[in-house]
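Read the structure below first, then the notes.
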Amino acid sequence: MSTVTKADPASPAGSASPLHQRRPLGDRGFQIVALAAGLLVLVILVLITVTTAQQSTTWFAGGFKDIFQVSFDGNTHFGAMGVLYGTVISSVIGIIIGVPVSVGIALLLTQVVPARWARPFVYVMDLLAVVPSVVWGLWGIIVLVPWLQKIYLDIASGLKGIPVLDSLFSGPNVTGASFFTAGLILAIMITPIITSLSREVIATVPAIDKEGAYALGATRWEMIRGAVWPHSQGGVVGAILIGFGRAMGETIAVALVIGDSVEVTPHLFYSGHSIAAIIALQFGEATGGEFRSALIGLGLFLFVLTILVNLVARWFVERSARRARGA
């Protein structure tokens, strides 16, 4: 008499062998290639760090006292604080100006404007993202700097003597090529990047969440604040930080419009310098010695800063994803 074996309903159907044993050769080959590509990126990053650190040992041998001084004249002073300040302050100005515009455009294109009308604006933003930085820099030095020179002088004279504002926007050395102009150019350059990333993140908000908010009587703004923003805030913050890293690494455009003065000053209408700009302008003159080592060390500083900013952006995105799964 034959015995009929009943299948356990809790056991999975099909073979009980591990999944990795049943994958075809093509899948395993793709996994190996993908893993090798990821490891190659890490190896390249490590090699860049090690190589630049070795090439800048002469500069670092002077100690932190010499490195963190303000002056950088290419002869006897090779401080990083002046150019580091210029890099950060111009990037922060660009973020302050560009983020509200970028997020506003992203919300407009995804939540307000119909899709058929939003498509041309999307094309325009994508085209702005591919404009070469040297074009923005030439436009800035030829058109923007002379025009802003007069505006800066009027603002400086009008705010003279007013506490805080006087130290930010006034002073005897007001010029069109300044921290603020560099920030304006950076804001224009990073706006398409932040807008595109934010638009893609906001577009992933489930329609049922927005419809539920409308069903409860919410206005469009209340729907955005209660349904769209909690779902997409992590991705938008990550897009902002990526734009910030892009702004810190910008070279030619900033070099043309920021001026040629290495100093730490609260005056936003004064000329300054950035790490990427000073490397691009003076590396050809640095034939060797501490000058060349200092420029390579500044490049290492910038490399580490951009890596940290991108890691923070990645952390924000993952944190937002975990909160969304938990909700």
- Based on what the data block shows, is Ala118 free of Cβ contacts under 8 Å to residues at least 12 places away in the same chain, open to solvent by less than 40 Å² (accessible area, probe 1.4 Å) and at negative phi? yes
- Out of the range 139-174, which residues are surrounded by 15 or more Cβ atoms within 10 Å (Cβ to Cβ) and part of a loop (DSSP other than H, G, I, E, B)? Ser170, Gly171, Val174
- Filter pass, Trp136 being of a type outside the set (Val, Ile, Thr), under 21 Å from the mean Cα position of the chain (by Cα) and surrounded by 14 or more Cβ atoms within 10 Å (Cβ to Cβ): yes
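Yes or no, residue by residue, for (1) part of a helix (DSSP H, G or I); (2) among the hydrophobic types (A, V, I, L, M, F, W, C); (3) within 30 Å of Pro206 (Cα to Cα):
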position	(1), (2), (3)
Glu263	no, no, no
His267	no, no, no
Gly284	yes, no, no
Phe291	yes, yes, no
Gly299	yes, no, no
- Query: Quick one: Thr287 ticks every box in (1) of a type in the set (Ser, Thr, Tyr); (2) surrounded by 14 or more Cβ atoms within 10 Å (Cβ to Cβ); (3) within 21 Å of Thr51 (Cβ to Cβ) bar one, so which box is it?
  - Reply: (2)
- Please go through the range 241-279 and pick out each residue that is under 29 Å from Trp315 (Cα atoms), open to solvent by 10 Å² or more (accessible area, probe 1.4 Å) and among the β-branched types (Val, Ile, Thr). Ile242, Thr251
- Gly226: touching a residue at least 40 places away in the same chain (Cβ under 8 Å) and open to solvent by less than 60 Å² (accessible area, probe 1.4 Å), yes or no? no
- Unique match (being assigned to a helix (DSSP H, G or I) and of a type outside the set (S, T, N, Q)) among Gly217, Gly235: Gly235
- Among the candidates Ile155, Ile141, single out the residue that is over 30 Å from His231 (Cα atoms), of a type outside the set (D, E, K, R), modelled with pLDDT of 85 or more and over 28 Å from the mean Cα position of the chain (by Cα). Ile155
- Looking at the range 1-22, is at least one residue modelled with pLDDT under 90 and surrounded by 11 or more Cβ atoms within 10 Å (Cβ to Cβ)? no
- Item | Subset of the range 315-327 [at pLDDT 75 or above and surrounded by fewer than 13 Cβ atoms within 10 Å (Cβ to Cβ)] | Glu318, Arg322
- Look through Gln54, Gln111 and report the one residue that is part of a helix (DSSP H, G or I), open to solvent by 80 Å² or more (accessible area, probe 1.4 Å) and among the polar types (S, T, N, Q). Gln54
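The values are calculated or read from the model by the stated rules, or taken from the named source; none is laboratory data. Since we're looking at a predicted model, the values are computed, not measured. Neighbour counts are summed over all protein chains in view; Cβ atoms, including those assigned to glycine, are modelled from backbone coordinates with ideal geometry. Heavy atoms of the whole protein, side chains included, go into the accessibility calculation; ligands, DNA and RNA do not. Shrake-Rupley method; radii C 1.70, N 1.55, O 1.52, S 1.80 Å.
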